[in-house]
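Below is one structure; the comments refer to it alone.
The values are calculated or read from the model by the stated rules, or taken from the named source; none is laboratory data. Predicted model only: the values in this text are computed from it and were never measured. Glycine also receives a Cβ, built like all others from the backbone with ideal geometry; neighbour counts cover every protein chain displayed. Heavy atoms of the whole protein, side chains included, go into the accessibility calculation; ligands, DNA and RNA do not. Shrake-Rupley method; radii C 1.70, N 1.55, O 1.52, S 1.80 Å.
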Amino acid sequence: MKQRLMWISTILLLASPAVAGGGQSVPAGNTIAAIVSNDPNFSTLLAAVQAAGLTQTLAQPGPYTVFAPTNAAFAKIPADQLQALLNNPAQLRAVLLYHVVPGRVTAAQVTRLSSARTVQGANVNISASGGTVQINDATVTRADVRASNGIIHVVDTVLLPPN
């Protein structure tokens with residue numbers, strides 16, 4: 001119940017520039033979909049979002065918190081497995097929705113959680129220690145990339161939902 005109230009009460013709109021995935025500066029007025037599509041470090045994520053038919057979803061008002069894997073994160077997946085995933089829209093959609101949490105959850109809020117329910121339906125485990133935040137086996141490499149419809153936390157590993 002406490003987590004649910006936190007999701008509902010965390011609508012913070014800030015108008016400042018953000019740097020996504022280590023790429024170019026992006027105005028905070030852009031949607032999550034626009035930030036992903038304008039940052040070359042997210043080109044694989046963009047292709048996956050498009051293949052899964054989720055582009056319009058990430059452009060809707062939200063708010064959403066997205067744990068966004070970079071191209072380097074996708075490169076950790078063997079090429080044949082990644083291609084198979086990109087060719088299976090239902091499985092791809094489940095994987096991508098496992099990276100999305102309802103609401104706008106800042107880094108400060110994430111560090112106080114031990115888990116969060118994703119849009120896919122399963123929980124991700126969260127741990128924070130020594131200034132490092134882990135989402136399952138992924139490390140958050142950049143936090144609080146603000147978008148008009150949510151927030152992005154960049155991760156170094158693709159999150160895979162439990163079977």
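Brief remarks follow.
- Of the residues making up the range 59-82, those that are within 16 Å of V95 (Cα to Cα) and of a type outside the set (S, T, Y) number 13.
- Given (1) open to solvent by less than 10 Å² (accessible area, probe 1.4 Å); (2) in contact with an Asp or Glu (Cβ under 8 Å, 6 or more places away or on another chain), index of the condition Y98 fails: (2)
- Verdict on A116 being of a type outside the set (F, W, Y) and either under 11 Å from the mean Cα position of the chain (by Cα) or open to solvent by less than 50 Å² (accessible area, probe 1.4 Å) (or both): yes
- Highlighted here are the helices (runs of 4 or more DSSP H) found entirely within the range 40-128 that include at least 3 residues which are touching a Leu at 6+ places or on another chain (Cβ under 7 Å) and at negative phi: 43-51, 89-97.
- Taken across the range 80-99, residues that are at pLDDT 90 or above and touching a strand residue (DSSP E or B) at 6+ places or on another chain (Cβ under 6 Å) do occur, with at least one present.
- Screening A147 with (1) modelled with pLDDT of 95 or more; (2) open to solvent by less than 10 Å² (accessible area, probe 1.4 Å) gives one miss only, at (1).
- Top-ranked residue of the range 150-161 - restricted to ones that are open to solvent by 10 Å² or more (accessible area, probe 1.4 Å) and not aliphatic (A, V, I, L, M), ranked as farthest from V36 (Cα to Cα): P161
- Considering residues of the range 49-87 that are loosely packed, with under 13 Cβ neighbours inside 10 Å and in contact (Cβ under 8 Å) with a residue 60 or more places away in the chain only, the residue nearest to G150 (Cα to Cα): P61
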